[in-house]
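Undergrad: One structure follows; several queries about it will come next.
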Amino acid sequence: MNQLKYILLAALCALFVSCGEQGKDNPTDSLTLNPTSLSFAAKGASVQSVTVTASGTWSATPKADWIHVSTASGSFSVTVSDNDSDARAGKISVTCGSASKEVFVSQVAGEKEAKAIVPQPAAFDGKKRASTTYQLLIYSFADSDGDGIGDFNGITSKLDYLDGMGVTALWLSPAHPTNSYHGYDVNDYFALNPKFGTEADFQNLINKAHEKGIAIYMDYVLNHSGTGTEWFKSVKADPKNSPYKDYYVLSYEYYPKEAAEGMGTWHSLGGGDIGYKGKLHFKVDWTGDTKYVTVSTTEAAAQDPNTTNAKRWIHVGSKGSLGMYETSSNIFELTIDVDTDWGFLVRSSNTTWDGGTKYGGKPGQNKITLGEPFPLDNSTASDIVFGEAYSYFASFDGSMPDLNYGDPDACENSRAFKSTVESATKWVNMGVDGFRLDAVVWIYGGQWESNVKFLDKWYQAVNSAYKTAGHPDPIFMVGEAWDGTHSNPEKYYYKGLPSNFEFDYGYAVRDMLKSGASANFASKVSGFVTDHTAQRADAITSFFLSNHDENRFASEIGETGMGTMPKRKQAAAILLSGPGKPFIYQGEELGYWGVKDTDDAYVRAPIMWNKSGSECAKKGVNNKVDGNMLKADISVEAQSATDGSILKFYQSWSQLRNTYPALATGTMSKANLQGTSIAAWYMTEGSQKLLVIHNVAPSGVAVSVSDSMDKPIALLGTATVKDKTLNLGGNSSVVFEL
Ligand code: MG
C-alpha cells in the first residue's frame, strides 16, 4: 500500500515538477512569462497567448471561472467568456516547482442591456436623387384667389411645401376645360380650365417648379372626351354629316345598342324615330332553325290578345306581352293597334325573361322593314325598331363619349390620334415633362393587345415631340392600366408604356398592415419589378398606396382620427424604403382618411393649409367634406410645428430616400429574416447596400440579424439591439447601412 502511494506521488511529481527534488526548495527553479498581463474585449474576444520559459515542468491555473487556459509546449493560450457586465479582472497562476508567477487578465465592460437604436443618417446634401411624385388635385390643392377652387397660382405658391417633402414631380389632375369638377371629361385638349388660371399662370408654374427640380406631369384622358368638344358638338348637331363624326364611336342603327364587350353602353344622339303608331299584323314563323317575325300594315280589324293558350307573345310599347294565336303548326299571328316609342320584342314565355325566351335583333341589325321577314335573335335580343336613330358609345357614362382611333394597327392615322398628339405636343413645348394616361384599358374596350398597340404608338409620337423639344432623355409616361391581375394582362401594358401603376402593391401593403403578417411581401414586390423589366428594359414601376378613385388608405387599414397613426406612418415608410417610383396621394402626408361610399369627393378633400382653414378647405369639393377630419390639428400649419407628426415623418423619410442612392434608385432583394410579421429586404446601388426591416404587427418581435447593425440610418417606432438580436417594436421600421 505504501508502495502504491509512492508510485502515485511520483507520477504527480513527474507531471508538475521536474525542476528539482520534490518537496524541497530548489533555488535553481526558474520561470519567465511573456506577456504578464492580457486585456480582452467584452464580446467575441480573440485568443491571446503567453510564452513560458521554465527550468522544468510547469502548470497554469486560471483563478476566475471566466478565464480559460489551454496549455501547449512552451506556451499557453487564453480565452475569456463574453462579458455582459462591469469591467473585470482576474489572474492565471503559473508554477514551476518552487517558482510561481502570475498573468493578470482584464476585460472591459460589456452591455448589460439591449441598446436603443439611434439612427444617424448621412446629412442631406440638397441633391434630389429619388423620383418621388406627388399626385395633386388642382381643384382642391391650393386656392390663390379665394374663389374656393384650387388653381395654378395656388400650386406655385406651395412649391416650397412640395420641395420640403422631397418630391421631384407633380401629377396634376386634368387641367383642361371641363363640365365636371374633376376634369375627366375634357372639352378642349388644347386649352386650360379658366377656373385654374391662364396659360401664363401654367407656364409660370412649370418654370418655378423646374427651378426646384420638380417636373410637371399632366393627366391625359385618351379613352374619351367630354361632350363639350367642338368635335362632339358638331356630331350632335348633325350626326350623319358632321366632319368630326370619325372622332367618336357612333352607330346610325338605332338606340340603344348593347356594348360589344367590356363595360359601357350606347347613348342617344337624338334625331331619329324608332317607334311606331298604327295598326299592324305580326306573324311569327317558328318552323325552322331560324325564327322570323314579319310585320305588315293591314286593313283587318284589331284582335283581342290570346289569353287562354298562347305560346308566343308580342311585347310592345307599354302594353306588355300580348298573346298570339297559333294559326297553323308553329305559325303565330296577331293584329293589334300599336303605340310604341321603343319598338318591340317577341317572347316564348310571358312569365320569365330568362333562358333565351326573349327574341329581338342583333346589335346594329335591329331595324325591321315592314312586310319583310326579320330573323330573330335570342342571344343579345336587342329591341326591334321601326326607324333610324343615332347613338354614340361611352365606356363610362354619357358625359364621356369614347374617342374613336379606328383599327389599332393603323390608329396613328386616325384624326383623334393626331389631334390628341398635337395637343400634347403643345404642352410638351411649354415644358411639361410627362403624362399620366387615364383609363387606358378601355381605349379598345378591354382588348389589351389593341390597347398596347395604341399606347406604344401614342408614346412614340409624343416622345418624338419631346426629343424635338431638345430633351436628351425619353419622356415619362405612366398608364392607369388597371386590368385583371398583375401577371395577366397588366404587366403587358409595359410593352406600350415605360411605366404603369402597380395596383397590387397598395393592396399588398394594405393586407399586410391589416393582418400583421408580411406574407412574402419583399418577394412579391421585387417580382413586380422583375416582371416589368422583362417586358422592356427601361420599365419604371410606379408604386402607390391609394389614389383619387379609391378609399383613403388610412380608412382601408382602419386607422382614422388624429391620435397616433403607426400604420399610416409605416405605410409611408414601406413606400419610401422600397424600389420603383413612389407616388404620394394628396393628403396622405397629413394622414387624411375618407371613403367614397356616398361620393368620390370625400376622398378628394382639399389640403388644410392653416389651423383656421380656408375657403377651399371649408367648402371641400362640391360642399362634400368630412368636417371631423378638416380640423386645426390636421393642418399643415399645426403639423409643421409638431415633432412626430405624420407630415414630418413624410419629410424625413423622403429626404432619406433623396440622400441614399440605394433607396433612390436601388435594386430590391429579399432579406431572409425569420418572423411572420417581418418584411425585410436589401436595397443596393453600386457599393451601397442597406438593410430595411419592417415589423408590420402591432406587437414587438425579436429578430435574429446576421448583418451588421452598427449603422442605423432611419427608425420608425422603437428598436433595440443586443448582440445579434434586434427587438423591433410594433409597427416599427429600421434601416441599416451595411
Ligand atoms: Mg381659385
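Undergrad: How high is the relative contact order of the chain? Use alpha-carbon pairs under 8 Å, at least six apart in sequence, and give a whole percent. Write down the numbers at each step before the final one.
TA: Values: 1698 pairs, mean separation 83.9, N = 738.
Across the chain, relative contact order equals 11 percent.
Undergrad: Quick check: residue separation of Asp710 and Tyr507 times 0.36 nm, minus the Cα distance between them. What number comes out in nm? Let's see the in-between values first.
TA: Details: separation 203, 0.36 × 203 = 73.08 nm, distance 3.36 nm.
Fully extending the segment from Asp710 to Tyr507 adds 69.7 nm.
Undergrad: Taking neighbour Cβ counts within 10 Å as the exposure measure, how do Thr530, Thr541, Thr380 sort from fewest upward?
TA: Neighbour counts put them in this order, fewest first: Thr530, Thr380, Thr541.
Undergrad: Here's something else I'd like to know. Taking 7 Å along the Cα-to-C-beta vector as the label spot, tell me the Ala534-Gln365 distance in nanometres, rounded to one decimal.
TA: If labels sit at Ala534 and Gln365, their model points lie 4.2 nm apart.
Undergrad: Which distance in nm do the two modelled labels at Trp66 and Ala41 give, with both placed 7 Å along the Cα-to-Cβ direction?
TA: Going by the 7 Å Cα→Cβ label model, 1.6 nm.
Undergrad: Could you please rank Val316, Val47, placing first whichever residue has the fewest other Cβ atoms within 10 Å of its Cβ? Provide the component values of the computation, followed by the final result.
TA: Values: Val316 24, Val47 11.
Arranged by neighbour count, lowest to highest, Val316, Val47 become Val47, Val316.
Undergrad: Sticking with this one: Students often forget the sequence filter, so: which aspartates and glutamates lie under 16 Å Cα-Cα from Lys112 once same-chain residues fewer than 8 apart are removed?
TA: Qualifying aspartates and glutamates at Cα under 16 Å: Asp82, Asp84, Asp86, Asp723.
Undergrad: So what's the convex hull volume per residue for the Cα atoms of region 274-383, in Å³? Show your work: numbers first, answer last.
TA: Numbers: hull volume 11.1 nm³, N = 110.
About 101 Å³ per residue, rounded to a whole number.
Undergrad: May I pose another question? Please give the Cα centre distance for region 428-458 versus region 178-214, rounded to the nearest Å.
TA: Rounded to whole Å, the Cα centres lie 20 Å apart.
Undergrad: Still on this structure, please answer the following. Given a Förster radius of 30 Å and the C-beta distance between Asp82 and Asn520 as r, what FRET efficiency does 1/(1 + (r/R0)^6) yield to the nearest 0.05? Intermediate values should be presented prior to the final figure.
TA: Numbers: r = 35 Å, r/R0 = 1.18.
Taking R0 as 30 Å, the efficiency between Asp82 and Asn520 is 0.25.
Undergrad: Please figure out what share of the DSSP beta bridges in the chain is antiparallel and state it in percent, rounded to the nearest 5. Intermediate values should be presented prior to the final figure.
TA: Numbers: 105 of 139 bridges.
So the antiparallel bridges amount to about 75 percent of the total.
Undergrad: Further, regarding this structure: Kindly rank 573-579, 662-668 from highest to lowest mean number of other beta carbons found within 10 Å of each residue.
TA: Details: 573-579: 25.0, 662-668: 21.0.
For the peptides 573-579, 662-668, the packing ranking is 573-579, 662-668.
Undergrad: Okay, moving on. With an 8 Å Cα cut-off and a minimum separation of 6 or more residues, compute the relative contact order for region 147-218 in percent.
TA: Numbers: 90 pairs, mean separation 29.8, N = 72.
Relative contact order comes out at 41 percent.
Undergrad: Evaluate E = 1/(1 + (r/R0)^6) for Gln674 and Gln203, where r is the Cβ-Cβ distance and R0 equals 51 Å; express this FRET efficiency to the nearest 0.05. Show your work: numbers first, answer last.
TA: Values: r = 56 Å, r/R0 = 1.09.
The calculated FRET efficiency here is 0.35.
Undergrad: Past 27 Å, Cα to Cα: identify those pairs from Lys581/Lys631; Lys195/Lys624; Lys158/Lys514; Lys283/Lys319; Lys115/Lys648; Lys514/Lys648, in the order given.
TA: Values: Lys581/Lys631 31 Å; Lys195/Lys624 19 Å; Lys158/Lys514 34 Å; Lys283/Lys319 18 Å; Lys115/Lys648 25 Å; Lys514/Lys648 24 Å.
Violating the 27 Å limit, Cα to Cα: Lys581/Lys631; Lys158/Lys514.
Undergrad: Same structure again: Sorted by packing (mean other beta-carbon atoms within 10 Å per residue), highest first, where do 323-329, 518-524, 245-251, 496-502 land? Please list the in-between numbers first.
TA: Details: 323-329: 14.6, 518-524: 18.0, 245-251: 20.3, 496-502: 24.3.
Result, highest mean Cβ count within 10 Å first: 496-502, 245-251, 518-524, 323-329.
Undergrad: Right, next: Could you check the spin-label model distance between Ala469 and Lys611? Points 7 Å from the Cα along Cα→Cβ, value in nm.
TA: 4.3 nm
FYI, it's all coordinate maths here, none of it is from the lab. No experiment lies behind these values; they were computed from the predicted model shown. A quick note on method: Cβ atoms are made from the backbone with ideal geometry, for glycine too, and the neighbour counts reach across all protein chains shown.
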